[in-house]
1. Farther than 30 Å from LEU61 by Cβ and open to solvent by less than 80 Å² (accessible area, probe 1.4 Å), is that true of THR121?
2. State all residues of the stretch 36-68 that are hydroxyl-bearing (Ser, Thr, Tyr) and without any contact (Cβ under 8 Å) to a residue 24 or more places away in the chain; if no residue qualifies, say none.
3. Can you name the condition, by its number, that ALA104 falls short on among (1) over 23 Å from the mean Cα position of the chain (by Cα); (2) part of a helix (DSSP H, G or I)?
4. From the list VAL99, VAL41, VAL116, pick out the single residue that is exposed (fewer than 12 other Cβ atoms within 10 Å of the Cβ) and over 21 Å from the mean Cα position of the chain (by Cα).
5. Being more than 30 Å from ASN30 (Cα to Cα) and open to solvent by less than 80 Å² (accessible area, probe 1.4 Å): is that true of ALA92 here?
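The values are calculated or read from the model by the stated rules, or taken from the named source; none is laboratory data. The structure displayed is predicted, hence computed values, not measured ones. All Cβ positions, even for glycine, are placed from backbone atoms using ideal geometry, and neighbour counts span all protein chains on display. All accessible areas refer to the heavy atoms of the entire protein, side chains included, with ligands and DNA or RNA removed. Shrake-Rupley method; radii C 1.70, N 1.55, O 1.52, S 1.80 Å.
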Amino acid sequence: MSLLSEFREFAVKGNVVDLAVGVIIGAAFNGIVKSLVDQVVMPPIGLLTGGIDFSELEWVLRPENPATETVEKVSIQYGAFANTVIQFLIVAFVVFLLVKGINALRRQEAAKPDPVPSAPTATEALLTEIRDTLKSRPGV
């Protein structure tokens with residue numbers, strides 16, 4: 001089996017395709033959550049804290065020197081980190097809700113009683129009758 005045909009078999013399997021779809025949807029969801037945090041959640045929090053823009057909060061370790069181009073500003077951007085933590089918490093909560101919903105559906109499926117077997121068909125009933133008649137005959 002050639003390498004190309006092995007790869008094709010691997011790539012066409014359902015799990016790989018499902019994973020690819022999940023990654024694409026996850027990336028799109030990440031953009032939605034980033035927008036939610038940056039444009040909906042953080043502005044009211046900034047307003048409550050005196051108009052602070054959290055994405056701009058930083059702790060400057062070394063300020064930039066405009067006189068020389070070689071000295072750049074070095075800073076710890078804890079505001080951007082706070083935004084990222086809030087984004088993570090939102091994503092983690094949504095994933096938790098999804099897993100909780102899936103687990104509830106699985107529990108409902110497991111709690112369902114097994115379906116009642118259907119009545120045998122006419123052919124099955126006739127064959128059963130023939131079998132039972134043959135068993136009841138002595139010497140057969």
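1. yes
2. Within the stretch 36-68, THR49, THR68 meet the criteria.
3. In the conditions (1) over 23 Å from the mean Cα position of the chain (by Cα); (2) part of a helix (DSSP H, G or I), ALA104 misses (1) alone.
4. So the residue among VAL99, VAL41, VAL116 that is exposed (fewer than 12 other Cβ atoms within 10 Å of the Cβ) and over 21 Å from the mean Cα position of the chain (by Cα) is VAL116.
5. In short, no.
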